[in-house]
Ligand code: BJW
Ligand code: ZN
């Protein structure tokens, strides 16, 4: 008995269902299989299954605190102790948890695509910990700080703290190396991200509420340039109606299942 491609697809879908894995539209898998340039934008949701809170979801930071009190330059000017307390707490959380299957699957996916660009709004460095290379960090990172006076960066471990605040050798106060509301994103990172969105044929928006600009513009730029947009999120977002494929569920389950489906298609 011969086993055609269609039969093998049917078997794969049945197997995935039996294993409790997500099943995918064959057209998406075919598109991913032949995509030479893929761009991915991730948000806090990619690290939710690691145990890190998101910003806007249930249990998210902005559910109990106002963003204006913690994530603006004005908040830092008003109360650097409060802001640093929050960032130290988040640094500890990041150190206590680990990247999850979603981060690992994205690092693996990069090896299957000719040109793969990973753009993140996350500041936890979990993508890099999971093996991703050349990650474009749009909103900075939690690990470093920089001096308000001379701009010199430092890693958390080498910071010198006095009376609850970290200071630079020049005497200047240090701030977290992240991008707050009203601040410009790092120009080179933003340029690379927009270029990747313009040039890709497939764009994934994963674990982001797609509300914060300019990052939220990237999937629209990709779509306008002719790419197909895939969204992975347990909840609908303002991007959902614009996405060709909305894969509803947790990234830590959907991304590994996507890799299995891709491997099955290639065999
Ligand atoms: C899962 C899941 C699972 C759960 N699997 N998914 C109108 C008024 C005022 C301002 C503006 C305005 N329009 C535009 C602006 C500008 C502003 C902005 O966009 N505001 C909007 C909120 C309206 N943007 C800025 O200010 C930016 N700068 C700028 O525009 O500069 C211009 C400028 C030019 C010239 C001179 C000066 C300036 C800067 C934005 C910086 C954002 N910073 C933060 C903090 C970073 C540091 C830190 O981490 O502390 O970035 S805010 C916060 O939001 C953080 C995130 O990166 C960002 C995006 O959030 P994200 O990642 O999408 O997380 P959530 O929580 O929103 O969503 C999680 C999603 O995951 C949900 O959808 C869940 O369903 C999902 N999920 N579990 C998959 N298992
Ligand atoms: Zn300094």
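The values are calculated or read from the model by the stated rules, or taken from the named source; none is laboratory data. Treat the numbers as computed from the prediction; the structure is a model and nothing was measured. Please note: Cβ atoms are built from the backbone with ideal geometry, for glycine as well, and neighbour counts cover all protein chains shown.
Here's the yes/no breakdown for (1) within 24 Å of residue 57 (Cα to Cα); (2) exposed (fewer than 13 other Cβ atoms within 10 Å of the Cβ):
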{"site": "158", "(1), (2)": "no, yes"}
{"site": "161", "(1), (2)": "no, yes"}
{"site": "172", "(1), (2)": "no, no"}
{"site": "213", "(1), (2)": "yes, yes"}
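If I ask for residues that are within 16 Å of ligand 1 (Cβ to nearest atom) and modelled with pLDDT of 95 or more, which ones from segment 146-165 would you list?
Hits for segment 146-165 are 146, 153.
So residue 204 passes all but one of these: (1) in contact with a strand residue (DSSP E or B) (Cβ under 6 Å, 6 or more places away or on another chain); (2) buried (at least 18 other Cβ atoms within 10 Å of the Cβ); (3) without any contact (Cβ under 8 Å) to a residue 24 or more places away in the chain. Which condition number does it fail?
That leaves (3) as the condition not met.
Does at least one position in segment 98-113 carry a residue that is at positive phi, within 16 Å of the chain's Cα centre (by Cα) and assigned to a loop (DSSP other than H, G, I, E, B)?
no
When the residues of segment 142-160 are filtered to those that are assigned to a strand (DSSP E or B) and touching a helix residue (DSSP H, G or I) at 6+ places or on another chain (Cβ under 9 Å), which remaining residue is farthest from ligand 2 (Cβ to nearest atom)?
Filtering segment 142-160 down to residues assigned to a strand (DSSP E or B) leaves 142-147, 153-155, 160.
Filter once more, so that each one left must be touching a helix residue (DSSP H, G or I) at 6+ places or on another chain (Cβ under 9 Å): 142-145.
Working: 142: 20, 143: 18, 144: 13, 145: 10 Å.
Per the criteria, the residue is 142.
If you scan segment 91-114, which residues turn out to be within 23 Å of residue 147 (Cα to Cα) and buried (at least 19 other Cβ atoms within 10 Å of the Cβ)?
94 - this is the single residue of segment 91-114 that is within 23 Å of residue 147 (Cα to Cα) and buried (at least 19 other Cβ atoms within 10 Å of the Cβ).
Restricting attention to segment 13-38, which residues are closer than 30 Å to residue 94 by Cα, crowded, with 16+ Cβ neighbours inside 10 Å and modelled with pLDDT under 95?
If the condition is that a residue be closer than 30 Å to residue 94 by Cα, crowded, with 16+ Cβ neighbours inside 10 Å and modelled with pLDDT under 95, then 21, 22 are the ones that fit.
Out of 77, 68, 49, 6, I need the residue that is loosely packed, with under 15 Cβ neighbours inside 10 Å and modelled with pLDDT of 95 or more. Which one?
Numbers: 68 fails: modelled with pLDDT of 95 or more; 49 fails: loosely packed, with under 15 Cβ neighbours inside 10 Å; 6 fails: modelled with pLDDT of 95 or more.
Only one candidate qualifies: 77.
Quickly run through segment 190-217 and pick out the residues that are over 13 Å from the mean Cα position of the chain (by Cα), part of a helix (DSSP H, G or I) and within 12 Å of ligand 1 (Cβ to nearest atom).
If the condition is that a residue be over 13 Å from the mean Cα position of the chain (by Cα), part of a helix (DSSP H, G or I) and within 12 Å of ligand 1 (Cβ to nearest atom), then 190, 217 are the ones that fit.
For segment 114-141, what are the residues that are closer than 14 Å to residue 179 by Cβ and not in a strand (DSSP E or B)? First the steps, then the outcome.
Applying the first criterion (closer than 14 Å to residue 179 by Cβ) to segment 114-141 yields 119-123, 136-141.
Residues satisfying the conditions are 121, 122, 123, 138, 139.
Being in a loop (DSSP other than H, G, I, E, B), in contact with a strand residue (DSSP E or B) (Cβ under 6 Å, 6 or more places away or on another chain) and surrounded by 17 or more Cβ atoms within 10 Å (Cβ to Cβ) is the filter here; which residues of segment 223-267 pass it?
227, 239, 243
Out of all the residues in segment 114-138, which are in contact (Cβ under 8 Å) with a residue 60 or more places away in the chain and over 10 Å from the mean Cα position of the chain (by Cα)?
Answer for segment 114-138, where residues must be in contact (Cβ under 8 Å) with a residue 60 or more places away in the chain and over 10 Å from the mean Cα position of the chain (by Cα): 114, 115, 116, 117.
Being within 21 Å of residue 127 (Cβ to Cβ), crowded, with 18+ Cβ neighbours inside 10 Å and touching a helix residue (DSSP H, G or I) at 6+ places or on another chain (Cβ under 6 Å): is that true of residue 41 here? Before the answer, list the steps.
On the way: within 21 Å of residue 127 (Cβ to Cβ): yes; crowded, with 18+ Cβ neighbours inside 10 Å: yes; touching a helix residue (DSSP H, G or I) at 6+ places or on another chain (Cβ under 6 Å): yes.
Yes, satisfied.
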